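Asks: Here's a structure for you.
Bear in mind that the values in this text are calculations on the coordinates, not laboratory data. This is a predicted model, so every value here is computed, not measured. Using ideal geometry, Cβ is built from the backbone for each residue, glycine included, and neighbour counts are taken over all protein chains shown.
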Ligand SMILES: [Zn+2]
């Protein structure tokens, strides 16, 4: 790699780089956060970096800023999902490339960021040719693995090319940045092993965000006397929808995660019943609904409605106030105005739970995460021990429990009042769930 990599950064050089970055992409960021700075510094010292920072911290800025610091710089980003690629292409408009753009040639003097699926980057002859070209070799390069926990989660049979990403190192020899929001210490070691990293540093912060109130509540069990299979869901949906009906556009944007499409559909139909004329924000159409469903089989492959949902939720005055979603609403969706995440049942792992509640509180305002569980949930064989422990725990601060699992010390919480329902049982829960009893 060229001499350019012997760059030492200081606050002035970072300020200059950020100024150029901001004017290029019309955004406003005045400084790098300490851990963004540390990650950039690690890469510039030619070391690999595993970066585990909570959602909303600004992980992508770590690689986006590099071409503004390092001359003749190319950033290759491996991304598991189209939604993330599309979002980044839009953000880095004019300087980014993905295979789906089907350009004939790539102008290296303009293009700084290359986005690929793991499957494409490993098998495409075009990509291979590009990476081997003399011109390309001449550039300073960085390889980024976004959502790096997929390397371990999806490295099995499903999308097994994730496990082969290390093979890229023979084509592009350069510092590697592995990004994720939720990896345990053991997960970090596993990622390093999968990517064949030897000389690397870990830059990490607790995934339990300071601005997040964490609450766990019982939901009725369908098997208890007098209950039906609908009871556990009515218990959650009815108060939430009544609140939405009374607050309408002042209702804080909320996601309710459900495990199956049937229950997502049930919540949606209930919303139509309860909200009546208020279900739509204008002339009734698919796009004026205040309540939306989001799941993997909601429509054909063109994804227009999903795109509409994500784009609307990025606006300050979103007409969509409630999203009833499956795990499909997850990685990479930058839904910065979501304030509450309610789980109508625990996900299978604590990693997934933390990822999903991370959809709220990205704007740094206070956010709320409520997890509902019942006896049947706890009896499930498809849930990790840590997830069950998180549900049934009634003594240890919930933030501490999450920190313990991910290997962090719990700092004294700046605002004790927003920690969790075990630290503060007066925590403001806006809904009155008690109207329906939790048996
Ligand atoms: Zn607490």
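Asks: Provide the gained length on full extension for the span residue 95 to residue 409, in nm with one decimal, where the gain is 0.36 nm per separating residue minus the Cα-Cα distance.
Replies: 109.0 nm
Asks: Only Cα pairs under 8 Å and at least 6 apart count here; give the relative contact order of the chain as a rounded whole percent.
Replies: Over the chain, the number comes to 17 percent.
Asks: Now a separate question. Tilt of helix 261-275 relative to the longest C-alpha principal axis of the chain, in degrees (0 to 90, nearest 10)?
Replies: On a 0 to 90 degree scale, this one is about 60.
Asks: Follow-up. Against the longest principal axis of the chain, how steep is helix 304-313, in degrees 0 to 90 to the nearest 10, with axes from Cα atoms?
Replies: With both axes taken from Cα atoms, the answer is about 80 degrees.
Asks: Can you tell me which of 48, 421, 365 moves the most in a GNM of the chain? Springs connect C-alpha atoms under 10 Å apart.
Replies: Among 48, 421, 365, the largest mean-square fluctuation in the Gaussian network model of the chain belongs to 365.
Asks: Another question, if that's okay. Taking the 0 to 90 degree range and rounding to the nearest ten, how far is the long axis of helix 34-44 tilted relative to the main principal axis of the chain, both from C-alpha atoms?
Replies: Helix 34-44 sits at roughly 30 degrees to that axis.
Asks: A further question follows. For segment 155-207, rounded, prolate or oblate, judged on the Cα gyration tensor with a ≥ b ≥ c (square roots of eigenvalues), a/c < 1.5 rounded, else prolate if a/b > b/c?
Replies: oblate
Asks: Given labels modelled 7 Å from the Cα in the Cβ direction, how far is it in nm from residue 297 to residue 72?
Replies: Between residue 297 and residue 72, the simple spin-label model gives 5.3 nm.
Asks: When ranked by the protection proxy of mean other Cβ atoms within 10 Å per residue, highest first, what sequence do the peptides 357-364, 189-196, 65-72 form?
Replies: Sorting 357-364, 189-196, 65-72 by mean packing, highest first, produces 357-364, 65-72, 189-196.
Asks: Rank 298, 217, 387 by mean-square fluctuation in a GNM of the chain with C-alpha springs under 10 angstrom and give only the top-ranked residue.
Replies: 298
Asks: Here is a further query. Given N residues in segment 212-431, what is its alpha carbon radius of gyration divided by 2.2 N^0.38 Å?
Replies: Segment 212-431 yields a ratio of 1.00.
Asks: Is the C-alpha gyration tensor of segment 142-259 telling us rounded, prolate or oblate? Criteria: a/c under 1.5 is rounded; beyond that, a/b larger than b/c is prolate, otherwise oblate.
Replies: The shape class here is prolate.
Asks: Let me ask something else. Over segment 2-204, what is the relative contact order in whole percent, taking alpha-carbon pairs under 8 Å and six or more residues apart?
Replies: 29 percent
Asks: Please give the contour-minus-distance gain from residue 128 to residue 185: 0.36 nm per residue of separation, less the Cα-Cα distance, rounded to one decimal in nm.
Replies: 17.2 nm
Asks: Below 8 Å between Cα atoms, with a sequence gap of 6+, how large is the relative contact order for segment 1-98 in percent?
Replies: Worked out over segment 1-98, it gives 28 percent.
Asks: When the Kirkwood hydrodynamic radius is evaluated over all pairs of different C-alpha atoms of the chain, what value in angstrom, to one decimal, is obtained?
Replies: Taking every pair of different Cα atoms in the chain, averaging 1/r and inverting gives 23.2 Å.
Asks: Give the shape of segment 2-204 as rounded, prolate or oblate, defined through the alpha-carbon gyration tensor: a ≥ b ≥ c are the square roots of its eigenvalues, a/c under 1.5 means rounded, and otherwise the shape is prolate if a/b is larger than b/c and oblate if not.
Replies: rounded
Asks: Ok, one more. Want the number for residue 38 to residue 382: 0.36 nm per residue separation, take away the alpha-carbon distance, what's left?
Replies: 120.1 nm
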